[in-house]
Amino acid sequence: MNIIDQASEAIKQGRLVAMPTETVYGLAANAEDDYACHKIFALKNRPTKNPLIVHVASFIQAQEIAIFNEDARLIASLWPGPITMVLPKKPGAAIADSVTAGLDTVAIRIPAHQIALKLLNQCGKPLAAPSANPSGRLSPTSFQHVEIYFGNNNNDDVLILPDTYGNHAKYETSQYGLESTIIDLTTNTPTILRYGFITPNLIESILGKSIAHGTSSKEIKAPGMAFKHYSPVTSITINSNHIEEGEVGLEFGHNSMVNNKGSYTLNLSKNGDMAEAAHNLFKMLHQLDSYAITNNMTKIVVAKIPNEGIGLAINDRLDRAAETT
Ligand code: TXA
Ligand code: MG
């Protein structure tokens, strides 16, 4: 049996599979199996009021689960891809109650990653999958990240898929490196609930109208989405260009940090390329965090990132990572 067959069997048996996607790694279960989906909440220590994203293989399968209005059909032109829509759940859809946290809406997307799509096609089930990290921690963008979180705790229940398969380099793992953009289409005005690689401007140009932003305040819009999120173990300071002894740095662009003491720093993108910066964000935060822990360093200092386009998503993740409560 190849690894996709094994993963497909695991899903059908109610086990969990960590699957690579183009955004971040997901911790997947059969979205029709309530018992299996409860395991996701337990393993992540995720509040059960925080609903999960359902991943499907095709638009036809998506239509069995959610009701698509005209706006939703337009946005579906971005699928497969890093955008999730919140839509009315279709009456009678076979999605487990734990997945939607009892809501009558459902969050759904088609991922653009060869391995995720192979698994979805092979098992024939919709897959509920949040990011494959313990609640509140940094999102995983590689096999190794997931293995550190869930591979080593005598957990026979999680099968971790590799991030590459054959020669499909086109959809490299975590190509985008940030969770999908979430747009709520159940409100009068479509509302962005989470920024991502697909920007508000792109969505507005596809819909031909303005959308609302539900992410800018600390108010909780997506249920269960606490403000503090995506945190390294080491504390983090943002919008700074000053690094002290005992600190590590995350730079952006040509202007490097004031760094006389030869501190350890990484650069999100020397050329100021926002897509490259997004791709590197979690990867470098993981690296800096383990370096800081190993070397008893106290803080990760992050440079200022332009707050537009993909920068909205990068700053959203950094704001949440830096929150202390
Ligand atoms: O890129 C991604 O979206 C990744 C990969 C694995 O696909 N998944 C991901 O899932 O980031 P997660 O669970 O970490 O984030 C899902 C977000 C949560 O903030 C949740 O509250 C929101 O989606 N959500 C899910 N269902 C919802 C609904 N019916 N209404 C509003 N928000 C919802
Ligand atoms: Mg997450």
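The values are calculated or read from the model by the stated rules, or taken from the named source; none is laboratory data. Please read these numbers as outputs of a predicted model, since none were measured by experiment. Using ideal geometry, Cβ is built from the backbone for each residue, glycine included, and neighbour counts are taken over all protein chains shown.
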_Check on Val99, within 11 Å of ligand 1 (Cβ to nearest atom) and more than 20 Å from Arg15 (Cα to Cα)_ = no
*Kindly provide the set of residues from region 108-124 that are under 21 Å from Asp97 (Cβ atoms), crowded, with 24+ Cβ neighbours inside 10 Å and not β-branched (Val, Ile, Thr), ordered by number.*
Arg109
*Output the qualifying pairs, or none if there are none: Cβ atoms under 7 angstrom, residues six or more apart or on different chains, first residue in region 97-120 and in a helix (DSSP H, G or I), second residue of a type in the set (D, E, K, R).*
Asp97/Asp34; Ser98/Asp34; Thr100/Lys89
*Counting only residues that are among the small types (Gly, Ala, Ser) and either more than 18 Å from the chain's Cα centre (by Cα) or within 13 Å of Asn133 (Cα to Cα) (or both), how many does region 31-48 have?*
2
*Would you call Ala277 in contact with a helix residue (DSSP H, G or I) (Cβ under 8 Å, 6 or more places away or on another chain) and modelled with pLDDT under 95?*
no
*With the checklist (1) in a loop (DSSP other than H, G, I, E, B); (2) away from ligand 1 (no atom under 11 Å from the Cβ); (3) under 29 Å from Ser205 (Cα atoms); (4) not aliphatic (A, V, I, L, M) in hand, flag the one item Thr48 doesn't pass.*
(3)
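Matching residues to (1) under 24 Å from His213 (Cβ atoms); (2) free of Cβ contacts under 8 Å to residues at least 12 places away in the same chain; (3) buried (at least 18 other Cβ atoms within 10 Å of the Cβ); (4) not basic (Lys, Arg):
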| position | (1), (2), (3), (4) |
| --- | --- |
| His254 | no, no, no, yes |
| Met257 | no, no, yes, yes |
| His286 | no, no, yes, yes |
| Ser290 | no, yes, no, yes |
| Met297 | no, no, yes, yes |
| Asp316 | yes, no, yes, yes |
| Ala321 | yes, no, yes, yes |
*Please report, ordered by residue number, the strands (runs of 3 or more DSSP E) entirely within region 245-325 with at least 2 residues that are polar (S, T, N, Q).*
265-267
*Just wondering, is there one or more residues in region 75-89 that are away from ligand 2 (no atom under 16 Å from the Cβ), over 21 Å from the mean Cα position of the chain (by Cα) and not in a helix (DSSP H, G or I)?*
yes
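One line per residue, one yes/no per condition, for (1) within 21 Å of the chain's Cα centre (by Cα); (2) modelled with pLDDT under 85:
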site: Ala222; (1), (2): yes, yes
site: Ser290; (1), (2): yes, no
site: Asn295; (1), (2): no, no
site: Arg320; (1), (2): yes, no
_Residue that is farthest from ligand 2 (Cβ to nearest atom), among those in region 48-64 that are closer than 22 Å to Leu103 by Cα and crowded, with 21+ Cβ neighbours inside 10 Å_ = Ala62
*Mind checking which pairs have a first residue in region 172-201 that is under 19 Å from Arg320 (Cβ atoms) and without any contact (Cβ under 8 Å) to a residue 40 or more places away in the chain and a second that is more than 16 Å from ligand 2 (Cβ to nearest atom) and not aliphatic (A, V, I, L, M), Cβ under 7 Å, 6 or more apart or different chains?*
Thr191/Asp184; Thr191/Gly214; Ile192/Pro200; Ile192/His213; Ile192/Gly214
